[in-house]
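The values are calculated or read from the model by the stated rules, or taken from the named source; none is laboratory data. Just so we're clear, the structure is a prediction, and the values are computed from it rather than from any experiment. A quick note on method: Cβ atoms are made from the backbone with ideal geometry, for glycine too, and the neighbour counts reach across all protein chains shown. Side chains included, ligands, DNA and RNA excluded: accessible areas come from the protein's heavy atoms. Shrake-Rupley method; radii C 1.70, N 1.55, O 1.52, S 1.80 Å.
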Amino acid sequence: QVQLVESGGGSVQPGGSLRLSCAASGGILRVNAMGWYRQAPGKQRELVAIATSGGTTNYADSVKGRFTIFRDNAKNTVYLQMNSLKPEDTAVYYCNVAIATMTYPFASNYWGQGTQVTVSS
């Protein structure tokens, strides 16, 4: 069974930094795209950043220049380095990973459990 375990959320003052991580495990054959989404109260879930298996990255305009997504393929882990955090970054952050498994060799999307990020003075 595929599991995604997130860590690294918390509370920080405006201008501060946090690093989120998401580790995938369980019968993995291949990991394709790895990404981060967020959902603020009363809002739809939105894409924050994505990193393909080929190394391409894309970011939401609201986080460009402040957030960096990177992955450790040997560990099947994706990270989100968040700098210069703003109150509007407050949300639950979810990782989303496309994984092909030993039993089903076609990529399916899996979600992490979510981690709260709160930016407040």
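Conditions tested, residue by residue: (1) within 15 Å of the chain's Cα centre (by Cα); (2) in contact (Cβ under 8 Å) with a residue 24 or more places away in the chain; (3) surrounded by fewer than 14 Cβ atoms within 10 Å (Cβ to Cβ); (4) not in a strand (DSSP E or B).
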residue	(1), (2), (3), (4)
Leu4	yes, yes, no, no
Gly15	no, yes, yes, yes
Ala23	yes, yes, no, no
Gln44	no, no, yes, yes
Ser53	yes, no, no, yes
Val63	yes, yes, no, yes
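Restricting the range 30-42 to residues that are among the small types (Gly, Ala, Ser) and in contact with a strand residue (DSSP E or B) (Cβ under 9 Å, 6 or more places away or on another chain), which is least open to solvent (accessible area, probe 1.4 Å)? Top of the filtered list is Gly35. In the set (1) surrounded by fewer than 19 Cβ atoms within 10 Å (Cβ to Cβ); (2) at pLDDT 95 or above; (3) not aromatic (Phe, Trp, Tyr), Gly27 fails one condition alone, (2). Taken together, the residues in the range 99-121 that are crowded, with 18+ Cβ neighbours inside 10 Å, under 18 Å from Glu46 (Cβ atoms) and hydrophobic (A, V, I, L, M, F, W, C) amount to 2.
Of everything in the range 92-114 that is in a strand (DSSP E or B) and among the β-branched types (Val, Ile, Thr), the residue that is farthest from Asn76 (Cα to Cα) is Val92.
Scan the range 79-91 for residues that are open to solvent by less than 30 Å² (accessible area, probe 1.4 Å) and part of a strand (DSSP E or B) and the total you get is 3.
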